[in-house]
């Protein structure tokens, strides 16, 4: 399942918090890197902004048209930047987990659980608007509120606040189960896992995993590879190259295209046939070349950048991190230039050039934020985005919750009239206001104790 022309938004797993750094190397390396949260928050701000835009907004703010065009716009940067930030968070999360005494087996279980959660939420997000029982807007509003409560992370300290959030968490889970039970959409022919074609299926059906699901597959791929390869940065870089090659191979006939022509493989022919069947079966449910290939390569690029940030990193000072990131970004750009001849630049196709160049831009943006926020200490301005960066799943679902609530209340047309304006300035200003409102609301709910984690 590859990503069709859907909104490029998604939210990654949160990075662990960081301490206040200073220009000197040890404090910067030993503490939290605030620029990671700022980058995530700015990406969420951009996500809400471009997803909220009306038709009159400038074309370079919308997704590229036609969808198979060779090029990209600002909107086409959002999804890959989320994937990149997911990767940045992986080494930081592993360091934090193992410092608390986590085991490798426990981390594998955590990775699988988070992946399943992302796949589930991705499918629910994509199918929410199709409900005919309560109506798309009502079902979506209730389901997304239930999701936020079901995945809330209660405070650890015992007391009334923790008890309250535990009760809300339970109510959210029960409400979500009930909403899933009554969900009905227009009947359609479909195919079920391990079953086959079904006629007139009226429940959830998705032809792809949604943005969150694609993030889940990329996260699964890179997190397991990182757990296996460890801190060897050159091995992670090699894995990034293999993931790009996997995309190219799958789009040039597949892994087994020339097997029949190789007589020396005859002795292991049955094993090869079995392996090809397994790959084909997996490929019928997930785009191997995209979700676990080139899209995972973006996440791996973020993981490589994240590998210089943990405590004890061999790339510790601002000068070293600047030099490393500039070299890395240049390498990604050159690699994207080399692969441009295969399929050009295209988000829908998850082409290698699009993946490598968006990762390069993400690395450069992080570097700029790192120098401003962590090194220079100019962080007051980042309050507009940092709360959303620290609570990304909440921010991801808040935008549709706000818009559906306005719709159910019957005032959506009036409040969001800017979207239908023929004036590009009004459209842009209105959507920017919506994005800032969602980020501010995320921060307010976080201050009240609502933190959503997978």
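The values are calculated or read from the model by the stated rules, or taken from the named source; none is laboratory data. Fair warning: this is a prediction, and the values are worked out from it, not measured in the lab. In this analysis, Cβ positions are derived from the backbone assuming ideal geometry, glycine residues included, and neighbour counts consider all displayed protein chains.
Do we find that residue 168 is buried (at least 17 other Cβ atoms within 10 Å of the Cβ), part of a helix (DSSP H, G or I) and touching a strand residue (DSSP E or B) at 6+ places or on another chain (Cβ under 7 Å) in this structure?
Yes; evaluated as a whole, the condition is true for this residue.
Are there any pairs, at least 6 apart or on different chains, whose C-beta atoms fall under 8 Å, with the first in the stretch 152-172 and without any contact (Cβ under 8 Å) to a residue 12 or more places away in the chain and the second surrounded by fewer than 13 Cβ atoms within 10 Å (Cβ to Cβ), and if so, which?
Close Cβ pairs (under 8 Å, with a partner that is surrounded by fewer than 13 Cβ atoms within 10 Å (Cβ to Cβ)) amount to 162/156.
Just name the residue that is farthest from residue 286 (Cα to Cα) out of those in the stretch 202-215 that are at pLDDT 90 or above and surrounded by fewer than 18 Cβ atoms within 10 Å (Cβ to Cβ). Steps first, answer last, please.
Looking only at the stretch 202-215, we keep the residues that are at pLDDT 90 or above, and these are 202-203, 209-215.
Filter again for surrounded by fewer than 18 Cβ atoms within 10 Å (Cβ to Cβ), leaving 202-203.
Details: 202: 23, 203: 21 Å.
Among those residues, the one meeting the criterion is 202.
For the stretch 354-362, indicate whether the set of residues that are without any contact (Cβ under 8 Å) to a residue 12 or more places away in the chain and farther than 15 Å from residue 40 by Cβ is non-empty. It would help to see each step written out before you state the result.
If we filter the stretch 354-362 for residues that are without any contact (Cβ under 8 Å) to a residue 12 or more places away in the chain, which is where we start, we get none.
No - not one qualifying residue is present in the stretch 354-362.
May I ask you to list pairs of residues, at least six apart or on different chains, whose Cβ atoms are under 7 Å apart, with the first in the stretch 436-454 being at positive phi and in a loop (DSSP other than H, G, I, E, B) and the second being surrounded by 15 or more Cβ atoms within 10 Å (Cβ to Cβ) and at pLDDT 90 or above?
The qualifying pairs are 449/165.
Could you check the stretch 56-83 and list, in sequence order, the residues that are farther than 25 Å from residue 122 by Cβ and in contact (Cβ under 8 Å) with a residue 24 or more places away in the chain?
Passing the criteria: 56, 57, 58, 69, 70, 71.
Given (1) under 24 Å from residue 216 (Cβ atoms); (2) modelled with pLDDT under 90, where does residue 97 come up short, assuming only one miss?
Every listed condition holds for residue 97 apart from (2).
For the stretch 406-423, enumerate the residues that are out of contact with any helix residue (DSSP H, G or I) (no Cβ under 6 Å at 6 or more places or on another chain) and under 30 Å from residue 154 (Cβ atoms).
Matches in the stretch 406-423: 409 only.
Suppose we filter 428, 402 for residues that are closer than 24 Å to residue 59 by Cα and in a helix (DSSP H, G or I); which single one remains?
Selected residue: 428, the only one of 428, 402 that is closer than 24 Å to residue 59 by Cα and in a helix (DSSP H, G or I).
Taking the stretch 363-399 only, how many residues are in a loop (DSSP other than H, G, I, E, B), in contact (Cβ under 8 Å) with a residue 12 or more places away in the chain and touching a helix residue (DSSP H, G or I) at 6+ places or on another chain (Cβ under 8 Å)?
Counting residues in the stretch 363-399 that are in a loop (DSSP other than H, G, I, E, B), in contact (Cβ under 8 Å) with a residue 12 or more places away in the chain and touching a helix residue (DSSP H, G or I) at 6+ places or on another chain (Cβ under 8 Å) gives 3.
Those residues that are assigned to a helix (DSSP H, G or I) and under 19 Å from residue 341 (Cα atoms), I need them from the stretch 241-282; list them, please.
Once the filter is applied, which keeps residues that are assigned to a helix (DSSP H, G or I) and under 19 Å from residue 341 (Cα atoms), the stretch 241-282 yields 241, 242, 243, 244, 245, 246, 247, 248, 249, 250.
Restricting attention to the stretch 107-129, does a residue exist that is surrounded by fewer than 17 Cβ atoms within 10 Å (Cβ to Cβ), more than 24 Å from the chain's Cα centre (by Cα) and in a helix (DSSP H, G or I)?
no
Somewhere in the stretch 77-95, is a residue part of a helix (DSSP H, G or I) and loosely packed, with under 14 Cβ neighbours inside 10 Å?
Looking for residues that are part of a helix (DSSP H, G or I) and loosely packed, with under 14 Cβ neighbours inside 10 Å, one finds none in the stretch 77-95, hence no.
Answer yes if at least one residue in the stretch 343-352 is at pLDDT below 95 and in a helix (DSSP H, G or I), and no otherwise.
Yes, the stretch 343-352 contains a residue that is at pLDDT below 95 and in a helix (DSSP H, G or I).
For the list (1) within 16 Å of residue 242 (Cα to Cα); (2) surrounded by fewer than 18 Cβ atoms within 10 Å (Cβ to Cβ); (3) in contact (Cβ under 8 Å) with a residue 24 or more places away in the chain, I need the number of the one condition that residue 312 fails.
(1)
In contact (Cβ under 8 Å) with a residue 12 or more places away in the chain, in contact with a strand residue (DSSP E or B) (Cβ under 8 Å, 6 or more places away or on another chain) and either closer than 30 Å to residue 282 by Cα or part of a helix (DSSP H, G or I) (or both): is that true of residue 179 in this structure?
So residue 179 does not fit the description; no.
Go through (1) within 18 Å of residue 210 (Cα to Cα); (2) in a helix (DSSP H, G or I) and name the single condition residue 185 misses.
Result: residue 185 fails condition (2) only.
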